[in-house]
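The values are calculated or read from the model by the stated rules, or taken from the named source; none is laboratory data. On a predicted model such as this, the values are computed, not experimentally measured, just so you know. When we count neighbours, we look across all protein chains shown, and the Cβ atoms used for this are built from the backbone with ideal geometry, even at glycine. The protein model used for the area step is the full one, side chains on, heavy atoms only, and it has no ligands, DNA or RNA in it. Shrake-Rupley method; radii C 1.70, N 1.55, O 1.52, S 1.80 Å.
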Amino acid sequence: MKNLKKIVIGIVALSSFASAQIVSDVHVGVSNAKVLDETYTEFNLGYGFNKYFDSNVVLGSSLGFAYGNPNVNNKNIDVYTAYVDLKVGYAIFDKDMFLYAIGSGALQGIDNNDGAGFGYGVGADYRITKSIALNLEYKTYDMTTSRFDYDYEKANLNLKYTF
């Protein structure tokens, strides 16, 4: 009987994965970011996908790149960031809105220092049309270089084209 129960649970789980809808997107946007205690504007570009299950649970991932030019100690420096986000959340309003938690990893170049770190955050997607969505996110990271540790925070506003 226990084996039958496990088989039924497995079939139900696999059927929910099989009936999931995958939605890909490209996104562009701006961020209010903070690094080395300086707040500045970043520009974002990325690609992502979300897998919508019949239960309205959503799993997603995105890859992105950001660039900013803060003034640190009266000197403009370049900040390049590449990141990977993993998302888990729930779709509401007939899947027009997606609220989610983020786990993230980032590689960052600040002037001549390379940093890496992990972070977390929250986000929301709101579908304006069938193929256009507005995205808001907040993420915070604990970053480290070979010389020092630092915090990196960002609040994103992105426009997504989904396909």
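Roughly how much of Thr145 is accessible, in Å² to the nearest 10, using a 1.4 Å probe?
The value for Thr145 is about 20 Å².
Compute the orientation-averaged projected area for the chain from the convex hull of its Cα atoms and round it to one decimal in nm².
Quarter of the Cα hull surface area: 11.4 nm².
Can you tell me the relative contact order of region 77-142? Whole percent, Cα pairs under 8 Å, sequence separation 6 or more. Display every interim value, and only then the final one.
Working: 137 pairs, mean separation 18.3, N = 66.
Computed over region 77-142, the figure is 28 percent.
Calculate how large, on average over all directions, the projected area of the Cα convex hull of region 59-127 is; give the answer in nm² to one decimal.
For the Cα atoms of region 59-127, the hull's average projected area reads 5.5 nm².
What do you get for the angle between helix 2-18 and the principal long axis of the chain? Use alpha-carbon atoms, 0 to 90 degrees, nearest ten.
It is inclined by approximately 60 degrees.
Calculate the translational D of region 92-139 in whole µm² s⁻¹ from Stokes-Einstein, where the hydrodynamic radius comes from the Kirkwood formula applied to all Cα pairs, the temperature is 4 °C and the viscosity 1.567 mPa s.
Approximately 102 µm²/s, per Stokes-Einstein.
Translational D (Stokes-Einstein, µm²/s) of region 106-163 at 20 °C and 1.002 mPa s when Rh comes from the Kirkwood sum over C-alpha pairs?
Working: Rh = 13.1 Å.
The Stokes-Einstein estimate is 164 µm²/s.
Could you give the distance between the Cα centres of region 25-51 and region 121-163, to the whole Å?
The two parts, judged by their Cα centres, are 5 Å apart.
Provide the net charge surrounding Thr129, with neighbours chosen by a C-beta distance below 12 Å and charges set as Lys +1, Arg +1, Asp -1, Glu -1.
Numbers: positive: Arg127, Lys130, Lys160; negative: Asp96.
Taking every other residue near Thr129 into account, the sum is +2.
Let me have the relative contact order for region 49-163, percent, based on Cα pairs under 8 Å that are six or more residues apart.
17
Just to confirm the filter: which trypsin sites (Lys or Arg not before Pro) across region 56-145 are DSSP coil and have at most 12 other Cβ within 10 angstrom of their Cβ?
Answer in residue order: Lys130.
What's the local net charge at Pro70, with K and R +1, D and E -1, over the other residues with C-beta under 15 Å away?
-4
Report the semi-axes of the equivalent ellipsoid for region 32-74 in whole Å, largest first, where each axis is √(5λ) for an eigenvalue λ of the Cα gyration tensor.
34, 11, 6
How much mean residue ellipticity at 222 nm does the chain get from its helices, if each DSSP H run of length 4 or more adds -39500 (n - 2.57) and you divide by all residues, to the nearest 500 deg cm²/dmol?
-3500 deg cm²/dmol
Asp114: net charge of surrounding residues, Cβ under 14 Å, Lys/Arg +1, Asp/Glu -1, itself excluded?
Charge balance near Asp114 sits at -2.
Put Ser55, Ser31 in order of accessible area, largest first, 1.4 Å probe: what do you get?
Largest accessible area first, the residues go Ser55, Ser31.
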